[in-house]
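To keep things clear, I will list the structure first and then write my remarks on it.
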Amino acid sequence: MVTSTVTHRALDGVTYALSTDLDLSKPATSVADVVVGGRLHEWTMGIDQLGDDVADALGLNGFDSELSYEGGLLRTAVSTEYDPQTELVEHPLLVVWQARRYSIVTRLYHASVADALSQLRALRPEETDAGIAFSPDVSAGAAFAGPATVIKEVPGLGLLEMTAPTDEQTAQLPPWKGVPVVDGELYRDNLADGSPFFVMSTPQVWATLVPLRDTDVNAVPDLAAQLALRVVEDD
């Protein structure tokens, strides 16, 4: 097979490049925690139909409002959420900014369309060929709470989640050498339910790899050794 390379942009503006002879055709998503006006929010970025998919999953029959915003479409809908522990019913606002190729999605509690617009203005989303990125306006009280992640399914390998390495993460690595991979090492561990997962650590990228149902776990080290992960610097 021919080695191919794809790039995916995280919501914090970091662009990751993956190179391998495995199938890289599946889309990626990015997740970021942001603070706006002292409140923490989670945004997810994916393909242009992500908002429709989330609305369908929430059982919504379309959107309540659609407005043009910064070359894209701001779509909102009120959903219903029941908490069985508190027996409370909430009505969070599903917020979607749909651009040309990608969309970003969040749910805001006790919020209006004006609140959604205010948050978008503070986060300043911009679409590129590799994805949407935020440029938080510090003067508006907006900032990232931590590095954004990029999540991508690689058939035969598993679900790959990439982020910029932090001191806290690298401090958790065992003292022994892992299996060599391109520019780094691979370690195996187990989830709480005993299922295996892997960590790929390089100077530029921290990646966790969760095998899927069709993954041959014993083949993962050899396949991962053929996968190059790097950060693409902006021009």
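Numbers below:
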{"quantity": "Charged-residue dipole, Cβ positions (Lys, Arg, Asp, Glu), the stretch 32-144 about Cα centre, Debye nearest 20", "calculated": "340 debye"}
{"quantity": "Surface share of carbon and sulfur [accessible, 1.4 angstrom probe, percent] for the chain", "calculated": "50 percent"}
{"quantity": "Label point distance in nm, ARG124-HIS91, each placed 7 Å from Cα along Cα→Cβ", "calculated": "3.5 nm"}
{"quantity": "Ordering of 193-204, 150-161 by burial proxy (mean other Cβ atoms within 10 Å per residue, highest first)", "calculated": "150-161, 193-204"}
{"quantity": "Long-range HN-HN contacts of GLU153 with modeled amide H, under 5 Å", "calculated": "LEU160"}
{"quantity": "Fraction in percent of alpha-carbon pairs per bin - 10 Å, the stretch 104-148", "calculated": "24, 55, 21, 1"}
{"quantity": "Length added when fully stretched, ASN61-VAL182, from 0.36 nm per residue minus Cα-Cα", "calculated": "38.9 nm"}
{"quantity": "Å² per residue, accessible surface of the stretch 125-216 at 1.4 Å", "calculated": "52 Å²"}
{"quantity": "Residue-averaged [θ]222 nm for the chain, counting only DSSP H segments that reach four residues, each worth -39500 (n - 2.57)", "calculated": "-3000 deg cm²/dmol"}
{"quantity": "The stretch 32-144, Rg to Rh (Cα coordinates; Rh as Kirkwood inverse mean 1/r)", "calculated": "0.96"}
{"quantity": "Shape parameters for the chain, alpha-carbon atoms, Rg then Dmax in Å", "calculated": "19.2, 55"}
{"quantity": "ALA114 versus GLU42: modelled label distance in nm, points set 7 Å from Cα along the beta carbon direction", "calculated": "2.9 nm"}
{"quantity": "Only Lys, Arg (+1) and Asp, Glu (-1) charged, at Cβ; the chain dipole about Cα centre in debye", "calculated": "220 debye"}
{"quantity": "Stokes-Einstein D in µm²/s, Kirkwood radius over Cα pairs - the stretch 1-86 at 4 °C with 1.567 mPa s viscosity", "calculated": "80 µm²/s"}
{"quantity": "Computed label-point distance, nm, for sites TYR82 and VAL138 using a 7 Å Cα→Cβ extension", "calculated": "4.7 nm"}
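The values are calculated or read from the model by the stated rules, or taken from the named source; none is laboratory data. Because the structure is a prediction, the values reported are computed rather than measured. Reconstructed Cβ throughout: ideal geometry from the backbone, glycine too, with neighbour counts over all protein chains shown. The protein model used for the area step is the full one, side chains on, heavy atoms only, and it has no ligands, DNA or RNA in it. Shrake-Rupley method; radii C 1.70, N 1.55, O 1.52, S 1.80 Å.
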